Every structure is written in C-alpha cells, then in structure tokens.
Amino acid sequence: MSQFDFDLFVIGAGSGGVRAARIAATHGARVGICEESRVGGTCVIRGCVPKKLLVYASHFAEDFEDAGGFGWETGPARFSWKKLIQAKDKEIDRLNGVYLDLLSNAGVKLFNGRGAFIDPHTLRVGDETLTAERILIATGGTPWVPEIPGIGLAITSNEAFDLQELPRRVAIVGGGFIACEFAGIFNGLGSSVTQLYRGDAVLRGFDHDVRRVVGSELVKKGVDLKLEADVASIEKTPSGLLLTLVDGGSLEVDQVMYATGRVPLVRDLGLVDIGLNVKADGRVVVDDFSQTSIEHIYAVGDVTSRVNLTPVALYEGHSFADSVFGGHARPVNHEYVPSAVFSQPPVGTVGYSEEDAVTHFGPIDVYLSEFRAMKHTLSGRDEKTMMKLIVEQKGQKVVGIHIVGPDAPEIVQGFAVAVKSGLTKERFDCTIGIHPTAAEELVTMRSPARSHG
Ligand code: NDP
C-alpha cells in the first residue's frame, strides 16, 4: 500500500485536469482532484463554449437581413439578452453536470476548494491536508489587465457572460482573439461597439492577409475600430464611463471590456516555496512529457503557456496520463496545431503565416484567393472570403492554410490533417473539389499569387 493518500492529485478541474484525472483513473491510479470554482474550467464555464453560443446568437441579425435576398419577408426581429443568458446558463449547467459525472464515473475523488502546496508531496485543499505520489498542476489562466486609473470599472471576458443587460455602447480594448470575438458578438446583438487596439492591425501573430481581412470586415459590419489607440484612464460619469485616450481623445460608453491577454493562474499555489521552476510571468516550465523541474510534479494546459487552447490542454493531459500511468510514452508535439478565431466572419488557420514561413523555410509560394461567397450573390452582402495556401518550394509541402470566411474553422479542421501529415501541393491538386463550396478553392488554386525566394 502506497504511503500517499493518492497516486495522483490534480489541482484544477478544467479541460486538461479533468482529462488527465479521468484517464489516469482508468489506468488504475487512485486519483483526487480539486477545483475552487466550477468543474469544467475556463472553456466550459466562461470561455469557448458560452462564447460560441453568443456568436451563434449574434449572427442571426445578419441572417434575418440576408433572408430578404432569398425571397423571405421577415417582420421586425426582437432580441432578449436575458433569454439568451438564461439559455446559455442552462447549457453550461448541463455541461458542468457532464464533467462531474465523468469524474465520478471514473472514480476520481473531487474536493471543492483551492489547492496549495505545503511541501512537494503535500497539499492543502480548504481544511484538508492530502498527500500524493504525483501531482499535476492544471490551474489554467486568468485575464490580465494593465494598471491604469479606473481599471476597476472595466470588465473582462469573465464578467461579459453574465451581464445583467446588453450594453448600449461598449468599448473593447485589445486586438487579440477575445477582443475580435466579442466585438462581433456585441455588434451583432445590437450594441454600438468601439474596439481600441494599440497596434496597426488586429490579431498580431496571424498571417498578414488574415489580419487585413478581419480588420476590414469588422469595420464593414459596423465596429468602430480605432487602431493605434490606447486608453489612459476610465472615469465614471452620471451618464456612463468616460474613456480618456492616450492621444487626448475621449469617448463615453456604458461598459468597457478589457481583452488584453491572459496569464497563468499560479497565485498562492506555493510553487516558488517548493522550488519549482516558474518563469517571471508565472508560466510553469515543463518538458515534452509535461514534467516540471521536480520529477513527480507535472503541469498541463494554459498554466504552462505553450499553446493556450483547450484541445491542446486535453491532448497534454491525456498524454501525461498515458505516459505516466498507462505505460505508453506519448510526448506532446505542438507543431501544426490548428486554431480558430470566432470573429465574424471567422478565421481558421493551421501552420505557418507567410512571414514566418519565409523565415523558417526560405523560398515559398503563396496561393491566394479572395472572393464573395456564393450565398452573398443573392443576399447582396459585401463580405469577403479569403483563402491562402503557403507552400515551401523545396519539398512542395503545404506548410500553412489561412482562411477568413464562413465555416473557416470547420474547413481548416479537415485540411489540418493534410498539413500535419506533410502532404504536398501536388496531393492537393489531384484531389477533386466539391462543387459548389468555398473549400474547393483549396484544391483548385493553380498559380501562385507571389513567391518569395
Ligand atoms: P491575446 O494575447 O490574443 O491578445 C491580447 C491583446 O491585448 C493584444 O491585441 C495585445 O496587443 C493587447 N494588449 C496587451 N497588453 C496591452 C496593454 N497594456 N494595453 C493595451 N493593449 C494590450 O489575448 P486574449 O485575451 O484575446 O486571449 C488570450 C488567449 O486565450 C489567446 O491567446 C488564446 O490562446 C486563448 N483564446 C483562444 C480562443 C480561440 O481559440 N478561439 C478564443 C479566446 C481566447 P499586442 O498585439 O500589441 O500585444
């Protein structure tokens, strides 16, 4: 009998933690897990899932408008934020229940409370002290906001999902994933949206054509996108919140949402006290097996800040459990991870951007197509779809696909298998398209728009 209470104790019951706990338990480990909030973590409770539900809700505004071009006459549509939030909450409660069932069916013991290290094998969770042979840190991340006067008046994505009412005027600060997604959500639902971004094009780090098209579509859809703009202070006024900008300008809104990044959630965990290697920004340093600088302590998901996406955390958690408890060593490879931004229209991307591919591979060919989707020939909507293939010249492998347009995430999920498998442009060319679809463009682009060599 082990000298420890558990073979594995997991701190944090989000995507990565729950997956790791469940799989380790199915491999026969005695597993405990603790959670200070609700089981399911950021993705399920206040991230990907409720966000996507809100994106669906907000898109109906355009769908009603577009229907006119197809012969439909619709009456004036009315929207209830309260009903949407109630429906969303019901779905989140259901998923929270599914996660709880997953844990209990696997025999994982759940502790409600925050975990912290007392020593490398001992944790305190609430009033209890527990020991474990191995410990997994899966505490995720939390929104980060800059320290400016009045920042306490701003909300983050955490609060945006539970607002009592839809703000009439909202300012969104940031140009990343969350800012672009929420600009589209609030805009579609009828708020007047100003997005303030300090750079010269949103979505830094993405391919430059993606950045260009998302920026121009945000503006076309009615978002007041202010580039090279930053907030100096926020003040409460009798009629709302007054934002003073660094360049001296100002604007008044009813709600300010900051989406200026997320940081690993390691506060009060006691990691430094036990001598764990943690970077200045809180990131827990791990190897390809998610092992930290202390042999029996592991970390997965956003707390390690490798690629901060739910499916990556799931993969890391599963690989950890298989490697350590299943006798099947599975290192994690973070190359060619597809991702999406649920902006409107959405982005789907896998592999290298044009600029990164030049740095990494040298000579490359760029295939580019920009067009109006078939649906909009009748709807009349002026919305662009952009599709792009990046091919390295030497081996002719497709090393990047970038799409902005309806269903881009769905399309890229499929094509990501081809990119991850290292398929060449010739393999794309000999695949027959499905007509009429937008995705057929990816197998029918014959001449490069440009080459870098
Ligand atoms: P991002 O890192 O994507 O974007 C942060 C934004 O805030 C950037 O535009 C950044 O500007 C700006 N910013 C940073 N500091 C300041 C500052 N002091 N003043 C003004 N602006 C500032 O973070 P998000 O919060 O949008 O999302 C966090 C992470 O969550 C993402 O990176 C992603 O991993 C994950 N996520 C994934 C989603 C998906 O898969 N669809 C959806 C939502 C989140 P600059 O570019 O100049 O640095």
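The values are calculated or read from the model by the stated rules, or taken from the named source; none is laboratory data. Keep in mind that this is a model prediction, so the values were computed, not measured. Note that each Cβ is placed from the backbone with ideal geometry, even for glycine, and that neighbours are counted across all protein chains shown.
Considering only the stretch 354-379, how many residues are over 19 Å from THR444 (Cβ atoms) and out of contact with any Lys or Arg (no Cβ under 9 Å at 6 or more places or on another chain)?
10
Looking at the stretch 51-162, what strands (runs of 3 or more DSSP E) fall wholly within it and have at least 1 residues that are touching a strand residue (DSSP E or B) at 6+ places or on another chain (Cβ under 6 Å) and within 16 Å of the ligand (Cβ to nearest atom)?
Of the strands (runs of 3 or more DSSP E) lying wholly inside the stretch 51-162, those with at least 1 residues that are touching a strand residue (DSSP E or B) at 6+ places or on another chain (Cβ under 6 Å) and within 16 Å of the ligand (Cβ to nearest atom) span 141-143.
Just to be sure before I move on: is PHE4 surrounded by 22 or more Cβ atoms within 10 Å (Cβ to Cβ), in contact with a strand residue (DSSP E or B) (Cβ under 9 Å, 6 or more places away or on another chain) and farther than 30 Å from GLN164 by Cα in the structure I sent?
Here the answer is no, as PHE4 does not meet what is asked.
Given the conditions (1) surrounded by fewer than 17 Cβ atoms within 10 Å (Cβ to Cβ); (2) in contact with a Lys or Arg (Cβ under 6 Å, 6 or more places away or on another chain); (3) not aliphatic (A, V, I, L, M), report the number of the one that ASP93 does not fulfil.
For ASP93, the exception is condition (2).
Taking THR42, is it buried (at least 16 other Cβ atoms within 10 Å of the Cβ), polar (S, T, N, Q) and either under 30 Å from GLN164 (Cα atoms) or away from the ligand (no atom under 16 Å from the Cβ) (or both)?
yes
Quick check on GLU316: is it within 16 Å of the ligand (Cβ to nearest atom) and surrounded by fewer than 20 Cβ atoms within 10 Å (Cβ to Cβ)?
No.
Determine whether VAL213 is in contact with a helix residue (DSSP H, G or I) (Cβ under 6 Å, 6 or more places away or on another chain), touching a residue at least 24 places away in the same chain (Cβ under 8 Å) and not polar (S, T, N, Q).
No; evaluated as a whole, the condition is false for this residue.
Report the residue count in the stretch 298-313 for those that are closer than 18 Å to LEU269 by Cα and either assigned to a helix (DSSP H, G or I) or more than 16 Å from the ligand (Cβ to nearest atom) (or both).
Here the count works out to 6.
Within the stretch 180-191, does at least one residue satisfy the condition of being more than 21 Å from the chain's Cα centre (by Cα), within 12 Å of the ligand (Cβ to nearest atom) and either surrounded by fewer than 22 Cβ atoms within 10 Å (Cβ to Cβ) or within 20 Å of ASN308 (Cβ to Cβ) (or both)?
No, the stretch 180-191 contains no residue that is more than 21 Å from the chain's Cα centre (by Cα), within 12 Å of the ligand (Cβ to nearest atom) and either surrounded by fewer than 22 Cβ atoms within 10 Å (Cβ to Cβ) or within 20 Å of ASN308 (Cβ to Cβ) (or both).
Conditions first: (1) hydroxyl-bearing (Ser, Thr, Tyr); (2) assigned to a loop (DSSP other than H, G, I, E, B); (3) in contact with a Cys (Cβ under 9 Å, 6 or more places away or on another chain). SER37 passes all but one, so which condition is the exception?
Going through (1) hydroxyl-bearing (Ser, Thr, Tyr); (2) assigned to a loop (DSSP other than H, G, I, E, B); (3) in contact with a Cys (Cβ under 9 Å, 6 or more places away or on another chain) one by one, SER37 breaks only (3).
Are there any pairs, at least 6 apart or on different chains, whose C-beta atoms fall under 9 Å, with the first in the stretch 229-248 and on the phi > 0 side of the Ramachandran plot and the second more than 13 Å from the ligand (Cβ to nearest atom), and if so, which?
Hits for this filter: GLY240/ARG168; GLY240/ARG169; GLY240/GLU252; GLY240/VAL253; GLY240/ASP254; GLY240/GLN255.
Do we have LYS279 as in contact with a Gly (Cβ under 9 Å, 6 or more places away or on another chain) and either of a type outside the set (S, T, N, Q) or surrounded by fewer than 20 Cβ atoms within 10 Å (Cβ to Cβ) (or both) here?
So LYS279 does not fit the description; no.
Could you tell me whether ASP224 is of a type outside the set (A, V, I, L, M), within 12 Å of the ligand (Cβ to nearest atom) and at pLDDT 95 or above?
no
Considering only residues that are in a loop (DSSP other than H, G, I, E, B) and touching a strand residue (DSSP E or B) at 6+ places or on another chain (Cβ under 7 Å), look in the stretch 410-453 and name the one that is nearest to ASN333 (Cα to Cα).
Checking each candidate, the answer is GLY422.
Among the residues of the stretch 310-338, what is the count of those that are in contact with a strand residue (DSSP E or B) (Cβ under 6 Å, 6 or more places away or on another chain) and over 15 Å from ALA24 (Cα atoms)?
Residues in the stretch 310-338 being in contact with a strand residue (DSSP E or B) (Cβ under 6 Å, 6 or more places away or on another chain) and over 15 Å from ALA24 (Cα atoms): 2 in total.
Kindly indicate the residue of the stretch 371-413 that is among the acidic types (Asp, Glu) and surrounded by 16 or more Cβ atoms within 10 Å (Cβ to Cβ) and also farthest from TYR352 (Cα to Cα) among those meeting that condition.
That would be GLU383.
Return the residues of the stretch 40-50 that are part of a helix (DSSP H, G or I) and on the phi > 0 side of the Ramachandran plot; say none if nothing qualifies.
If the condition is that a residue be part of a helix (DSSP H, G or I) and on the phi > 0 side of the Ramachandran plot, then GLY41 is the only one that fits.
Cβ contacts < 6 Å: first residue farther than 15 Å from GLY40 by Cβ, restricted to the stretch 307-320; second residue within 11 Å of the ligand (Cβ to nearest atom) and acidic (Asp, Glu), any location; separation 6+ or different chain. Result?
Close Cβ pairs satisfying both conditions: ASN308/ASP302.
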